[in-house]
Each structure stands twice: as C-alpha cells, then as structure tokens.
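The block underneath contains the structure these notes are about, expressed in structure tokens.
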Amino acid sequence: MRLDSDVRYLKGVGEKRAALLYRLEIFTVGDLIRYYPRTYEDWSNPLAIDEAPLDTPCCVRGIVDHNPTAQLIRKGMTIYSTRVTDGRSVMRVTIFNSKYAAEKLAEGEEYLFFGKISGNNYYREMTSPEIRPVNAGQKIRPIYSQTASLTTNAIEKLVAGALAQAGSEIGETLPGYIIKEQGLMPLKEAIQNIHFPKDRLTLERARNRLIFEEFLLLQLGLARLKGREKSATPVVLKNDCTREFFSLLPFAPTGAQKRAVREAAEDMKSGLPMNRLLQGDVGSGKTAVAAALIYSAAKNGYQSALMAPTEILAQQHFKTLSALLEGTGISLALLTGSTKASEKKKIIAGLKEGEISLVIGTHAIIQDTVTFKALGFIVVDEQHRFGVRQRGALFEKGDNPHMLVMSATPIPRTLALIIYGDLDISVLDELPPGRIPVETYAITGDKRARAYGYVKKFLNEGRQGYVVCPLVEGSEETDAAAAQDYVQELAAGAFYGYRLGLLHGKMKPKEKEKVMLDFVTGQVQLLVSTTVIEVGVDVPNAVIMVIENAERFGLSQLHQLRGRVGRGSERSTCILISDAMGGETRRRLEIMTKTTDGFKIADEDLKLRGPGDFFGSRQHGLPDLRFAEMLTDTRLLTLTRDATQKILAEDYYLESPENFYLRKAVEELFTRGGRGGLN
C-alpha cells in the first residue's frame, strides 16, 4: 500500500471510520503514520505500591486479594472495589460503573494497573485504572489525541496496521552524511519507535531524530526564503533624509532608534525591497522610527501606508504621526470603516493623485477602490494580527514597495532570528529617557480590599485604571459570562458609584471599539476586561492596573497587560493578585516585580513556561510543526541551525543528488504551512 493512498482503504477503516479520521485531518495512510502520540503510558517498569508517586500517572503490579464487590450508590451508578497486594503493601482499587472492567479481575491473579494513586503513606487507592494481565506485555503505550467516537486504542491499532501495510514505503529524507554526523536514527526506525518504542532510551532517540528533521527543514526553508533572489524595486531612496527628520524632533532619539532607522534606510537605498521586522518593547518608540522612514520616503517622492488592526489603534497612530510630522509639509489622512463617505471619496482621490503622502488606516486601505500614485513604503503594526492575504493585498498596491512590520511582543533575539527567518530584524532595546517604570506588586487575595482602596484613590483624583478579570478554565463563552458577573459584582460592591466599562472576547468588534473609545475619552473610569485589552492603545490617564489570578498568565502576557499603564508622565502601578503563591508561582511573580525589561522577561518565560505563552500552537504563521516545540527543544534548534549553515554553504539550492529528498521535504513542509513553496 502507498503512503498517499486514501486512509479509507486501509484494513479496518471503511467509510464511517474514515470520516472520523478526516476530522483529525488524517486523509492518507502517510498522514496516519505521521499522526504522532501526544503522550505515553509507561507500563514497562511497574513500581512497588509503596514506591509509586501520588497523583502522578504510573504503573503498579499486584495480585487481586478478592473478586471485586459491587455497591449500588444510586440508580445507574455502581462502584466495584477490591484490594491488590504486591507482597509488601496493599492498594484499594475502585472501578466506577464498569461491570466489564470489574469482571476482568479474578482473585489470586496478577495484573498491571495504570492510573493515579491517591492517599498517603499508610493508605493507597487507585480509581478507574487501566488494567492488563501481566502476560499482556510490559511496554510503553502511545496515547493519541482522539475524537469522541475514535478512541486512542482504536487509533493505536490503525497505526500498527498502517505501518505493517505501508511501512516499507517510508523513504529517508535526510542525506546519509547528516545521519552519520549527528548520530541520528534512520527515519523508518524513528517513526516505528515514536509509535511503539522498545524502551525509554529508544523513544528519546526517535523523538530527537524527528525534532532534528523538522527544525532542519524549517530552517533550510526560512533561509532559502530570506536569501532567494528578490526582484529589484524601482523604489530607491536617493536622498536619506532621516537625520534631517531627527533634527526636527523636540526630543533626542535613543541609540536603538537611530540604529533601527539606519538599518532600514540602508535597505531602502539598496534597490531591493525591504522586508524588515521592527521589534520593540512597549514604549520603546517604534512609531518614531516609522515616522523617520515615512518622512524620508515622502521627501523622495513616495507615498506611505500604515495599517493597524483596529480603528482606535489607527486613530492613535494618526494622532501621534500628525504631531511628529507637523510642519514638515507631509499630508496625512485617516481611512477607516467609520470614515464618512464624502471624506473617504476625498482621501481616495488624494491618494490617486499623489496629494496625500501618508494614509493611516485599518483594512479599509486595502479595498479595491483605494489606489496610490506612488506607494513606496508600507508599515504593518502588530503584524501577527493580519493574515498573509491582507499584507499581500496592500503590497500589491505598489510596485515592489518596502515593508516594515512592527511587533510589541518581546522575543529572545536568537529565537526571533529563527522564527522570523524570512525577515531582517531590528530591535529597539532601549526605552526613551524620562520614561518612569511601572511599579509592580504581588499580593494575596486577603489584601484585595486594600488594593481596591488604592485604585479608588486614583479614580477620585480623576485618573483611570484597569481590572483584568480572573480567567476561568473553559471556553471564551465561560470567560465572557464570568466577566459580566464580575463587573456587576464590582459595580454593586467595591466600586459602587464609579463608571465601569466591560471588555471581553465574545463582544463584536464594534462593541469593543465603543467601549475602548469611552475609556480613551474618559467616560469610563475603570475598565474591567479579560485579556482582550487592545495591544498598543495609549491611554496616558490610565495609571493603575489590578490583575486577578495572576498565576494563570504567562510572564510575557503579564508584561503585555502591564504595558497598558505607564503611558504618560505619571507614576503608574500594577498589582498582581494570586493565592497560588507556591514555589514556581512566587518565582514568576517576583520576576515581574523586579524588572520591566520585556526581553529579560521573555527569556525567563522561555525557561519557565514553554511555547504556549509566546506563540500558541501555530507558532506565529510558521509551517505547522507536528512534533517539535519551538521553545522547549532549544538544544536541537541550535544544532540544526549550525547544520543548516553548513548545508547551504556547500549546496545553497539543494541541487546535489544526496540532497534531492531533503529539498523535496523542505518544499512539502512549506507548501503545507501556507508559505506557497520556495520557488
């Protein structure tokens, strides 16, 4: 059987089960073979009952003391229980409502039990364990993500069948010299052992092989994207006017701002289109960098466009850039969904005729009716909020224009070089002088009333603040409902008589915009929000923030939330409330109280929390990695970076016969990841 055969033709599948597999995005036999376990049950090394850790999945071996006895708790609920012993200790086994499982156990017979043990040093119990006879084999079992009607056991059997019928078709992707140099397991053997490992050591070797391969393919592809021949651009800055712009400013730019502008200006003078990421912490001055380049583009006869994800953010950029470019002779316009038809018509005409040098807006600027006379420079703010098509639609409005994408999410630089491998990177790692760091305190819930009293002190002085809602373990709907209950509780209690606003993820975009506008204009004194507070929205009058259940947020997320205060010249405060002040939580929250440097915090997050806090499962638009974790497998990430450089130095286009399958695998990964291939 071929790997590209439809999975429904695999023995034991059929139409009904195929439909369930399709739901898991398993369409071919090859997809099934590459559907890796999410975790494992280790039955290979049973523990003694008294040595097994509490509340941790593990396997113990024991002899059944007596046939399970049944007890009817209520209609439809029967509990079966027995005791098992390993000759040294005793453990109670309880089975809920499964006569079939209970009848598996026979007095005097020995079994393996897998599950979590509760109790203490004197009394131990395992509830609803997986049970197997000892002679069924002690091995490491794969556990797969499943659907309601397709269990992990069923998937395990199907994978075993797929490997038996099509395993011989698995071809090697890596050249022999890499496998030898790195001491890697061959691909066919690695896939067999990632599903059905002989032991822990073999599993680790299989895992290393597959992670190494994914990282290598990713980095080869990104390096090729970054280094591929760019078609020349007619947009060339003959006169670099950025110094002239800086001389007009009422403040001195930081060294980091000057460096970022110099790097971008060199790109824009090169004759090739710039594709650069400007990464800077909250308040590091990204907009001033963009303004210097917009000024230089305008003085060279080119128009610029800045696209922001929300109307309120677009309005904020318009206000900031209007002030920065005042008196320079550069004409600006704001174009959003709320722009009146008559005004929109004037702006569209002005852009077409070249009378407007800079347009700032939302998705409205990528409408078909908007055309430019000479679009030379594009700025995309909070670039991860836009899809590839939206950025592409704006790019198409110019003739190979330069592009600067801005992000306020600090990422450790070494990681950024890999993640944004097809972009050049400028980092703003200095804050403008005079900026006052946000004071941050971590407290327990018993001091909440004091914290609220402190918030009211600022509100009474005419200031504004935020309360970030406690997160609920559940869906957005659950969070939204909890947020509504919470704001009502605050309005009727601690903040009775104050003007409260509510913001949560289930609100429509227009509703969110309205609440944020009310907050910006001061109609709302205290904004109660889930984590959807708009990134980048500048409310200088907001000087206090309380974050409930702070332990449930990643450090990077806490830092982003904290960045909503301290936007003005007033001293600002962030209060983190958590009752889970155990070892790791205490360490994490202490980091927040000791530093406001987003890059240091990102490094700590990298060590403490793993990938979720940075990128989520889709890793910021990268091809979808099936096995590797960008932030936890950093040793292999570094190894593959070195291997990538060596391979490309010797065979940049992967044209040699030994690299044929490597090139094929790279192209497949990038086509699957939505980057449209490498050619």
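Laboratory data are not the source of any read-out in this text; all were calculated from the coordinates shown. A quick note: this is a predicted structure, and the numbers were derived from the prediction, not measured. In this analysis, Cβ positions are derived from the backbone assuming ideal geometry, glycine residues included, and neighbour counts consider all displayed protein chains.
The table below gives the values:
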{"read-out": "Theoretical FRET efficiency, 1/(1+(r/R0)^6), r = Cβ-Cβ of residue 369 and residue 270, R0 51 Å, to 0.05", "value": "0.95"}
{"read-out": "Mean shadow area of the stretch 11-151, taken as a quarter of the surface of its Cα convex hull (nm²)", "value": "10.6"}
{"read-out": "Globularity index of the stretch 312-368, i.e. its alpha-carbon radius of gyration over 2.2 N^0.38 Å", "value": "1.08"}
{"read-out": "Nearest-0.05 FRET efficiency for residue 204 and residue 63, computed from C-beta distance (R0 41 Å)", "value": "0.80"}
{"read-out": "14 Å reach of a label modelled at residue 147, 7 Å along Cα-to-Cβ, counting backbone N of the stretch 1-21", "value": "7-8, 13-21"}
{"read-out": "Inter-site label distance for residue 435 and residue 262 at 7 Å from Cα along Cβ, in nm", "value": "2.0"}
{"read-out": "Out-of-range pairs (alpha-carbon distance over 19 Å; input 352/397; 319/373; 344/397; 447/512)", "value": "319/373; 447/512"}
{"read-out": "Distance histogram for the stretch 242-428 (every C-alpha pair counted, 10 angstrom bins, percent rounded to whole numbers)", "value": "9, 40, 39, 12, 1"}
{"read-out": "DSSP-defined beta bridges in the chain - what % are antiparallel, rounded to 5", "value": "40"}
{"read-out": "Amide H within-cut-off set for residue 5, under 5 Å, with H built and near neighbours excluded", "value": "29, 30"}
{"read-out": "Helix-derived mean residue ellipticity, 222 nm - over the chain, DSSP H n ≥ 4, -39500 (n - 2.57), to 500", "value": "-12000 deg cm²/dmol"}
{"read-out": "The chain, relative contact order [Cα under 8 Å, separation at least 6], %", "value": "12"}
{"read-out": "Chymotrypsin sites (Phe, Trp or Tyr not before Pro) within the stretch 477-523, DSSP loop, no more than 15 other Cβ atoms inside 10 Å", "value": "496"}
{"read-out": "Taking 507, 545, 91 and counting other C-beta atoms within 10 Å, the order from fewest to most", "value": "507, 91, 545"}
{"read-out": "Estimated inter-spin distance, residue 648 and residue 353, nm [label 7 Å along Cα→Cβ]", "value": "4.7"}
{"read-out": "Principal axes of the chain: Cα extent on each, largest first, Å", "value": "93, 72, 44"}
{"read-out": "Segment residue 83-residue 579, extension gain: residue separation times 0.36 nm, minus the distance between their alpha carbons", "value": "174.8 nm"}
{"read-out": "Mean separation of Cα contacts under 8 Å, 6 or more apart, over the residue count of the stretch 33-161: relative contact order %", "value": "29"}
{"read-out": "Stretchable slack from residue 511 to residue 320, in nm (0.36 nm times residue separation minus alpha-carbon distance)", "value": "66.3 nm"}
{"read-out": "Proximal lysines relative to residue 646, as straight alpha-carbon distance under 24 Å, when same-chain residues fewer than 8 apart are discounted", "value": "180, 226, 230, 664"}
{"read-out": "Listed peptides 232-244, 200-212 by packing density, highest first (mean Cβ within 10 Å)", "value": "200-212, 232-244"}
{"read-out": "Mean Cα-pair separation over length for the stretch 439-595, i.e. relative contact order, pairs under 8 Å, 6 or more apart, %", "value": "34"}
{"read-out": "Modelled FRET efficiency - R0 35 Å, residue 181 with residue 668, Cβ distances, 0.05 increments", "value": "0.90"}
